[in-house]
Amino acid sequence: MSYWLGIDFGTTFTAAAVHRDGEQAVELVPLGENGNATASVVFVAADGSLVVGDAAVRRAVTDPDRVVREVKRRIGDQTPVLVSGEPIGAHTLAARVIRWVVDRVTEREGQPPSGIGVTYPASWGPHKRMLLSDALIFAGVGDVTLVTEPEAAAVAYTASQHVEPGSAIGVYDLGGGTFDATIVRQLADGGFELAGRPEGIDSLGGIDFDEAVFEQVRAHLGAAWAQLDFADPMVITAAATLRRECTEAKKALSSDTEVTIPVMLPGVSTQVRMVRSEFEQLIAPAVDATVDVLRGAIDSAGMTPADLSAVLLVGGSSRIPLVAQRVGAELDLPVTVDSDPKAVVAIGAALSVKPRAGELTVVRKPLALLEELPNAEEKAKARRRVMPALIGVAVGVAALLVVWAGMVGTDVLPSGGADTGGGVAAPQADGEDGDASATSKDGTDPWTGKPYTETTAPGPTREDAEPAKESPAALTPKPTSTKNRDKLVDGAKPPPAGPTSGGGGGTTNPGGGSSNAEPPPETTTTTEEPPPPPPETTTTTTEEPPPPPPEETTTTTTVDPPPPADSAQGDPPADPSSEASSGGA
């Protein structure tokens, strides 16, 4: 027979319920040794195996450093839980506890459930929900539906009580480690929607009340407690036993007016008496804080306490008489306490996940505040598919950056003859500025891989000639390597014969020499002797610009043309700096 399983994973206790197909009643599953609920405690053995529930509580007496409590409070914490120095994520431990419950129920029923509902606090954000959902998938739990705790409580309440459509119900959930307050409204189709926003206190619950009782006992012992040696294993065992006695005393005060707590410590044997009024004084500030949070949830829904039809008290700690007294008195409302408030949420979870055509429909999307998560397993698979692709894209981009960096050279230097700051302009490509009419003997520039070009000397060559479009400085390339310098000078073609003004300058080299020491006046010539070889270097820049060439000498090669030097004979006025440089040469 198919069935649906609801699990309430709490801070201190975990409960489960099954709803079988064809049956109206929901049955609680006995998980504990002495009751339906079992302790949410995990013992991690040295070999990595886990012991869950009441058996793990017993292991805490002998191996306290391997026992983890209050796992639910740690979900979403960036700091992992340390078990004997080994870090373990809290959501991983929570998923293992839930997996243990599923295995126990499957063994009991003889087959796996058709659906599983796991509850969580309504104040949880998407981060905590996703952590728990993914951890359940990795633990092999299967298809799980996450249900908010107030939603499950409201479903269980309406399954046994008639509630008019549109009625608003306040859910006061005081569990073992957390407190949540939520307002839900029943819809016409039997579902629920959230009214306002959930409010809560993540670090307030029954374990804090246990600690208050324990502190009261310690204060009664006084110096006897301070003198105990907690390095002694017997002392540690006795202290753990005393904590359990304090927890049992807190539970007993919900039905009795006084209790006696036995204290059996090494060297100390006594009893501590506590009455209910004393206990209520210890916890009254915390209870008042929960009432204020409930008021905040009512205000967020735009309601007043009078607009609520009832307040459901859910969670094991809600059985404390002071809780019902304070909530009813402060809000002036009737309160409803289930006979087993620890199990009502598990019952509601089982009812929520079972599909029932024409009957109760649970609306989870509004209760989640945010968009409901899609199927968790599909999301995990999608992430596993996307991550390798993203890594591949990142590697590809990095490879392209490396290749691009290797290609960076003179291609990214400023072009067009602009000065680069060191006095040497960048080389020009063919067809940009100047005339590309000839190439050198070796064919191409070793830097750019493009053919060398030769240009005619800038400036007018006759009276009716127009000035050059580019200035001589814009046509000055960087010096080439020593290997190609001699070939370029020897292979340069002379310009057509005729009188010139000498405005183009002569051939220069980085070493500072010129092709003619004594140039004849009014003639244009090209030197035949190569300049002296410069130092063995292939650098492409120089610290100082080369000196100007002789006054009357011109050249036709595009390699190493000098800065402009105008003649003073009959043509446009020459630059004084050029005349001074010519005289010096």
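Read-outs throughout are calculated quantities, based only on the coordinates presented, and are distinct from any laboratory measurement. Just so it is clear, the structure is predicted and the values come from calculations on it, not from any experiment. Here the Cβ is made from the backbone with ideal geometry for all residues, glycine too, and neighbour counts use every protein chain on show.
Can you tell me which condition Gly206 does not meet? The list is (1) surrounded by fewer than 17 Cβ atoms within 10 Å (Cβ to Cβ); (2) closer than 24 Å to Val67 by Cα, and all the others hold.
Exception for Gly206: condition (1).
Taking helices (runs of 4 or more DSSP H) that fall entirely within the stretch 230-337, which contain at least 2 residues that are closer than 30 Å to Ser167 by Cα?
The helices (runs of 4 or more DSSP H) meeting that bar are 276-300, 321-331.
Conditions: (1) in contact with a helix residue (DSSP H, G or I) (Cβ under 8 Å, 6 or more places away or on another chain); (2) within 26 Å of Glu258 (Cβ to Cβ); (3) among the charged types (D, E, K, R). Glu215 meets all but one. Number of the miss?
(1)
Select from the stretch 270-297 the residues that are β-branched (Val, Ile, Thr), buried (at least 16 other Cβ atoms within 10 Å of the Cβ) and in contact with a strand residue (DSSP E or B) (Cβ under 6 Å, 6 or more places away or on another chain) and list them in ascending order.
Residues satisfying the conditions are Val272, Thr290, Val293.
Give the stretch 113-159 a look and list any residue that's touching a Ser or Thr at 6+ places or on another chain (Cβ under 6 Å), part of a strand (DSSP E or B) and more than 18 Å from Phe179 (Cα to Cα), or say none.
Gly117
Do any strands (runs of 3 or more DSSP E) lying entirely in the stretch 6-112 carry at least 1 residues that are aromatic (Phe, Trp, Tyr) and in contact (Cβ under 8 Å) with a residue 60 or more places away in the chain, and which ones are they?
It comes to 13-20.
When you go through Ala39, Ala56, Ala15 one by one, which is the residue that is of a type in the set (A, V, I, L, M, F, W, C), surrounded by 15 or more Cβ atoms within 10 Å (Cβ to Cβ) and out of contact with any helix residue (DSSP H, G or I) (no Cβ under 8 Å at 6 or more places or on another chain)?
Sole residue among the options that is of a type in the set (A, V, I, L, M, F, W, C), surrounded by 15 or more Cβ atoms within 10 Å (Cβ to Cβ) and out of contact with any helix residue (DSSP H, G or I) (no Cβ under 8 Å at 6 or more places or on another chain): Ala56.
Confirm whether Gly76 is within 22 Å of Ala135 (Cα to Cα) and surrounded by fewer than 21 Cβ atoms within 10 Å (Cβ to Cβ).
Criteria met by Gly76.
Among the residues in the stretch 168-184, are any over 38 Å from the mean Cα position of the chain (by Cα) and among the polar types (S, T, N, Q)?
No, because not a single residue in the stretch 168-184 is over 38 Å from the mean Cα position of the chain (by Cα) and among the polar types (S, T, N, Q).
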